[in-house]
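Before any comments, here is the structure.
The values are calculated or read from the model by the stated rules, or taken from the named source; none is laboratory data. Bear in mind that the values here come from a model prediction, so they are computed numbers and not experimental data. Cβ atoms come from the backbone with ideal geometry, glycine included; neighbour counts cover every protein chain shown. Accessible surface areas use protein heavy atoms only, side chains included; no ligands, DNA or RNA. Shrake-Rupley method; radii C 1.70, N 1.55, O 1.52, S 1.80 Å.
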Amino acid sequence: MSRPPAAPPPSAPPVPAPPRRPAVERTADEQSTGERPDAQIPAAPAPAPTGPRPAVAHVGARPPTYDAEPTALPAADPREIHAVVSDTVLDGAGYGTYTLRAASVRGDSARFRGEPRRDALLTVRFGTAESAVVLVAVAGGARATEGVHPAAAADACRWIAEAVGRSHARLSEDIRAGRRGDLKSGLHRLADRSYGRLRARAAELGLEPDQYTSGLRCLLLPADPDCRTRVFFGVGGGGLFRLRDGSWQDLEPALPHSGDLTGEGVVGYGSASPESGPDGDRLTMDLAITTAPPPYIEKPVPPPAEPFRFRASVARPGDTLLLCSTGLAEPLRGEPALADELAERWSPDLAPGLGAFLADSQLRVKGYADDRTAVGVWEA
């Protein structure tokens, strides 16, 4: 006698979607003073991922204008094959308590028009064992900037890396000893020298200085597992963000207006206040003009168009630090859906693999089609 088939088990009730997180925002106080107190926006932490990553073509209300995949290659000069730039660069590493992921991708607009990627990315290690330091350099600017030589960004990355490499032993010692003042002044000098080389290269090519220049933003990460200091420095646009407890914090200060640079010193803008708060975490900015040139230069070297930025902060377990070019910083600030999606994908429990990080950094948003360069640091 056969038994009747068993009834299927009851299906589980649907799981409600996690609450949306607010996009990174600036408060009124931050806009008026330029300070970033790192105030956290309350939000429920995202649950740990239990399945494969969802396939998301784009975020936002409407699809982007351009196709998601490259459709045209840039034209190449047979005499300048060494200057050919690949569509995508991907890199990563793990030292001490952090995992590093870095990617630079040609923008949708450049892929459609057959233009080269103008963002540049360089990841390099100097030294060995606990005294080693990792430098990640990101250079580039908005694609709308006309007349800028496409090789300037790559040269900016290469020359700052050469300068840091020659001084890496001293820089490593200063990072581990917490000498923030020495770090700030030393890195400022190295950045000035790199921009001096850009100006010299412009003169060799018969170009104006603003035709051979680039924004430059860097991270210095020690390999010592007992040192959680993370150093940011650079010049020009882009973004520096931190994902902490499921909420994005915009660590980039608002630049002061020219009329604000009078009167008493303002904390964070050259005042004599200490460079670290109760959490050892504060951003400083140096608005000083570069030093006078040596006698063999006929004209004074002009100061940088934008001030030098510096930040040395102590990371907490579970933090995710994100350094990015303008092409990712603008949609991250302007499209809440992108901030929400990346906050859910970049769980503090485990850094994504190289392929997953590349896919995440390419989440598309209508109206934002520039090159994207992203550097993520996951703290164990």
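Worth a mention:
- Any hit, the range 72-82, residues being open to solvent by 50 Å² or more (accessible area, probe 1.4 Å) and assigned to a strand (DSSP E or B): no
- Taking the numbered list (1) at pLDDT below 90; (2) in contact with a helix residue (DSSP H, G or I) (Cβ under 9 Å, 6 or more places away or on another chain); (3) under 25 Å from Leu240 (Cβ atoms); (4) open to solvent by 40 Å² or more (accessible area, probe 1.4 Å) in turn, Ala43 passes all entries but (4).
- Among the residues listed as Val124, Val136, the single one being in a strand (DSSP E or B), modelled with pLDDT of 95 or more, among the hydrophobic types (A, V, I, L, M, F, W, C) and surrounded by fewer than 20 Cβ atoms within 10 Å (Cβ to Cβ): Val124
- Taking the criterion of being over 19 Å from Arg158 (Cα atoms) and part of a loop (DSSP other than H, G, I, E, B), the residues of the range 101-121 that qualify are Arg106, Gly107, Gly114, Glu115.
To keep it simple, each residue is scored yes or no on (1) buried (at least 18 other Cβ atoms within 10 Å of the Cβ); (2) hydroxyl-bearing (Ser, Thr, Tyr); (3) under 23 Å from Leu323 (Cα atoms); (4) modelled with pLDDT of 95 or more.
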residue	(1), (2), (3), (4)
Glu208	no, no, no, no
Asp224	yes, no, yes, yes
Arg228	yes, no, yes, yes
Leu251	yes, no, yes, no
Asp260	no, no, no, no
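- Strands (runs of 3 or more DSSP E) (entirely within the range 300-380) containing at least 3 residues that are at pLDDT below 95: 308-314
- Scanning the range 148-190 for residues that are closer than 23 Å to Val85 by Cβ, in contact with a helix residue (DSSP H, G or I) (Cβ under 8 Å, 6 or more places away or on another chain) and either open to solvent by less than 30 Å² (accessible area, probe 1.4 Å) or at pLDDT 95 or above (or both) gives Ala152, Asp155, Ala156, Trp159, Ile160, Ala163, Val164.
- Note on the range 87-121: residues that are of a type outside the set (Gly, Ala, Ser), open to solvent by less than 20 Å² (accessible area, probe 1.4 Å) and under 14 Å from the mean Cα position of the chain (by Cα) total 3.
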